[in-house]
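What follows is a single structure, written as structure tokens, with notes after it.
Quick note: the coordinates plus some simple rules give every number you see, no bench work behind them. Predicted, not measured: the structure shown is a model, and the values here were computed from it. Counting neighbours? That spans all protein chains shown, and the Cβs are built from the backbone with ideal geometry, glycine included.
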Amino acid sequence: MKRKLILLLLVYTFLSVKAMAQLPAIAFEAVINNQQNNPISPFRFDVVKYNQGNAFSERTNMFVAPANGVYFFTVNFLWDGFGCGYNGGTLNVAAVKNAGETLYSIKRFASYHEWGTFTTAFSFSTKLNAGDRVSLTSAYTFCTGSAVYTSHALLHKGSFSGYRVYADQ
Amino acid sequence: MKKNILLCVLVVIAVTVQSQTLHPLPPKGQPGKNELPTPRIKPLPVKVNKVAFEADITRERASPGSHPAFDAIKYNDGNGFSLTDNVFTVPTSGLYFFAVNLYWNGYGCAVINSAIASVSLLKNGREGLISVSDQATSSRLGGFTSMLNFSTKLNAGDKISVFTVNNLCDGGGGTSAILLKGVFSGVLITAD
């Protein structure tokens, strides 16, 4: 009788704790601190500031969804257009799922009047399945006309951060 | 010892029942003969805490009009988005985040002119929440994007829609910017 009661208590405690347990938080931020003269896709990040849940892979520079759910991401790049000299340049930064599907993208043209620094920034939420990868690519980043110094705008700084809003059941 | 354990179990059960009793007990008194007694534990109102959607425009629209029609739903937790009116109806009050990303080209405009695309988020069909306007000059008619990011507090029943206005060709010579594809997504960040 006594053992049964203890067992009952243990089972009850286990169920209560299980019901109260929160899912582990998933959150990361990766940054680019050093100027990249010819950024390649996917963007390579210098430092991972935090990586709770280890969903961001420093090796592949991609976020890998640990479970099915809805995730939120913010992307911010600071460019310097002097690589194109007196010509204008076009920048395209895209968030890509599984290296094939464009989730969100921003295409920005900067004329030489704007050269100096300018930004490409956006945020978005998306639903991912476990194992889905999200990376940032830069396509069609080129100088209009002939390039003067390099064929690309220079990437000064960048950040890629995200967190899980909720997990599916 | 045995009594103590029994007591523990009783306490736990009492606490559980207490925590599930969300409504105060009905006032004491004899209910009328035809009156049903109020149940002590009322069922919880259904509240959807997981709300997220994404609607896509996958087909090119030469004249998107002021309310671009979405043609695909990728996911729709909480069933807030409807393809029949292209409107997101808030199922649960709280703080929401929305993103709109439209991809245009300016080939509907004459080459020497520029194409303009303005995109807004509307609340309840009249209140503008946020808008962005892009002008593609002749050298970049080949493609440009509109991006909106916005968070706002909404009540259940509020309606959010995408509104495009003044998609025109500067200086005439054409009809409008051409909408190639688009994304409209939202998520409930925190429920009230």
Checklist entry - Which whole-angstrom value gives the distance between the alpha carbon centres of region A:37-80 and region A:90-104? => result 13
Checklist entry - Taking 0.36 nm per intervening residue step and subtracting the Cα-Cα distance, what contour gain separates residue A:46 from residue A:121 on full extension? => result 25.1 nm
Checklist entry - By average Cβ neighbour count within 10 Å, what is the ranking of B:179-188, B:94-103 from highest down? => result B:179-188, B:94-103
Checklist entry - Quick one: Karplus J couplings for region B:178-186, per residue in order, coefficients 6.51, -1.76, 1.60, θ = phi - 60°, nearest Hz, x for Gly and Pro? => result 9, 8, 7, 7, x, 9, 10, 9, x
Checklist entry - Straight-line reach from residue A:157: which aspartates and glutamates have a Cα under 18 Å away, not including same-chain ones fewer than 8 places off? => result A:29, A:46, A:58, A:80, A:114
Checklist entry - So which trypsin sites (Lys or Arg not before Pro) in region B:45-109 pass both tests, a DSSP loop state and at most 12 other Cβ atoms within 10 Å of the Cβ? => result B:47, B:59
